[in-house]
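The next block holds one structure in the form of structure tokens; read it before the comments.
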Amino acid sequence: MPDTTVKHDELLASRQQYLGPTLSIAYDEPLKIVRGVMQYLYDDEERQYLDCVNNVCHVGHCHPRVVEAAQEQMAVLNTNTRYLHDNLVRYAQRLCETLPEELSVCYFVCSGSEANELALRMAKTQTGGSDVIVVDGAYHGNTSSLIDISPYKYKGAGGAGAPPHVHEVVMPDVYRGPYRDAATAGEQYARHVLDATVQANERGTLAAFFCESLMGCGGQIVLPDDYLAYAFEHVRQAGGVCVADEVQVGFGRVGSRFWGFETQGVVPDIVTLGKPIGNGHPLGAVVTTQEVAASFDNGMEYFNTFGGNPVSCAVGLAVLDIIEEEGLQEHALAAGNRLKAGLARLQERYAAIGDVRGMGLFLGVELVADRDSQEPATDLAKRVIEDMKDRGVLLSTDGPLDNVLKIKPPLMFSQLNADLVVKTLDEVLTDLAPEAPK
Ligand code: PMP
């Protein structure tokens, strides 16, 4: 039954009274979402919305098999990893089977931030260093040491800039960045990583290069071909560890591959997993090589009270089963291609669409006030989001200029859903920004 008991303004007032003021809320008129079914959310008046932005509920909101797996295990046992348990070992094995064979040792945590925090500790132990190379626009998590390596935060409102041990490289953005020739951009952007390795080893000792396999908060950026191959080579030559942050894009979302880094033809030393891994259940993981795992085993136990508990592992196993049995990776490719093609057709008709990019069901639409100067259309992006919501489609904006519509729906998002998003965006742009390209 829809929960209509507390009125919106009362809820908003209580929220402001009892919750920290750093909590943001979506939309001018906030939504009260009371239930979710697969790619749809429902508000307190039973209005249906197509959720195009939740990459956490990867196999669908409240997928019955995930719910059942959690309920069943929760009714039997939920404890920590200090006892033998089938789920823990089965899940670790299943996860490793999805990864290149070098990545064969798992650690379970409760969020993407915990995964990156652990990866950072591992890289420091492996190298004896503490210097980190990060990509401009990146976000890696909410802890103090991850804010320090997240330009999205340390350069944003309230941020204090990069600390001395952090070496930032230019975002490999072929739309807006300094190198735009797809054939050579990967190598050119990676030269900045080479320079950063030199700086890091002059100042201290390079520990790690952290890179999202496709960038989320940076604005749905697809790395140019070979970027990671060159960058990883430079980092390894300089003694550093390569960390692929797959928190946003892993588990088949990019369609052509199960993992984002595979689209770059590389094998990282550490991968970090979160968001979609538990379909909304707080689960995360780090998977690494035997070598990194051995150096991290320096006598100090790594214990995580909730990480790897039998309920989390049951949920994680159900998610992997569903992706495989429902063919969701292949589905993401087909639905994503259809959506991207539809958005590209809109780009031919609306000058405001400067760029359409992405892979599978991880897409971005960059809005500009002028295609030549690339002046960002940040206000327009905000209005588009509001109007799309009024017409039943949930999206949000991102990117350093906050002018990129981000699209990353649950993976069963259908071809019909794709057509609906294109049609609705067409209507909204006709109202808000009808000019055709010159
Ligand atoms: N890495 C990336 C790329 C992310 O997008 C996020 C969350 N937006 C995180 C790490 C942190 O994950 P969590 O919020 O689960 O701690």
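The values are calculated or read from the model by the stated rules, or taken from the named source; none is laboratory data. As the structure is a computational prediction, the values presented were derived from the model and not from experiment. Neighbour counts run over all protein chains shown; Cβ positions are idealised from the backbone, glycine included.
A quick yes/no check of all residues on (1) under 23 Å from the mean Cα position of the chain (by Cα); (2) surrounded by fewer than 24 Cβ atoms within 10 Å (Cβ to Cβ); (3) free of Cβ contacts under 8 Å to residues at least 40 places away in the same chain:
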residue: 209; (1), (2), (3): yes, no, no
residue: 213; (1), (2), (3): yes, no, no
residue: 217; (1), (2), (3): yes, yes, no
residue: 223; (1), (2), (3): yes, no, no
residue: 226; (1), (2), (3): yes, yes, no
residue: 229; (1), (2), (3): yes, yes, no
residue: 234; (1), (2), (3): no, yes, no
residue: 237; (1), (2), (3): no, yes, no
residue: 240; (1), (2), (3): no, no, no
Would a scan of the stretch 180-191 turn up a residue that is in a loop (DSSP other than H, G, I, E, B) and farther than 28 Å from residue 355 by Cα? no
How do the helices (runs of 4 or more DSSP H) wholly within the stretch 29-146 filter down when requiring 2 or more residues that are within 16 Å of the ligand (Cβ to nearest atom), out of contact with any Lys or Arg (no Cβ under 6 Å at 6 or more places or on another chain) and of a type outside the set (Lys, Arg): which remain? 112-127
Flagged pairs (Cβ under 7 angstrom, 6 or more apart or on separate chains; first in the stretch 335-346, on the phi > 0 side of the Ramachandran plot; second modelled with pLDDT of 95 or more) are none
Checked the stretch 180-201 for anything surrounded by 18 or more Cβ atoms within 10 Å (Cβ to Cβ) and under 24 Å from the mean Cα position of the chain (by Cα); matches are 185, 186, 189, 190, 192, 193
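Yes or no: residue 252 of a type in the set (Gly, Ala, Ser) and either surrounded by fewer than 24 Cβ atoms within 10 Å (Cβ to Cβ) or at pLDDT below 95 (or both)?
Values: of a type in the set (Gly, Ala, Ser): yes; either surrounded by fewer than 24 Cβ atoms within 10 Å (Cβ to Cβ) or at pLDDT below 95 (or both): no.
Considered against the rule, which asks whether it is of a type in the set (Gly, Ala, Ser) and either surrounded by fewer than 24 Cβ atoms within 10 Å (Cβ to Cβ) or at pLDDT below 95 (or both), residue 252 comes out as no.
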Give the number of residues within the stretch 276-304 that are within 16 Å of the ligand (Cβ to nearest atom) and either assigned to a helix (DSSP H, G or I) or surrounded by fewer than 24 Cβ atoms within 10 Å (Cβ to Cβ) (or both). 7
If we scan the stretch 151-164, do we find a residue that is within 11 Å of the ligand (Cβ to nearest atom), free of Cβ contacts under 8 Å to residues at least 24 places away in the same chain and surrounded by fewer than 21 Cβ atoms within 10 Å (Cβ to Cβ)? yes
Can you tell me which residue in the stretch 206-247 is farthest from the ligand (Cβ to nearest atom), limited to those that are among the aromatic types (Phe, Trp, Tyr) and closer than 19 Å to residue 114 by Cα? 209
Filter the stretch 302-317 for residues that are among the hydroxyl-bearing types (Ser, Thr, Tyr) and within 14 Å of residue 65 (Cα to Cα) and give the result. 312
Please go through the stretch 41-78 and pick out each residue that is in contact (Cβ under 8 Å) with a residue 60 or more places away in the chain and under 12 Å from residue 392 (Cα atoms). 41, 47, 48, 49, 50, 51, 52
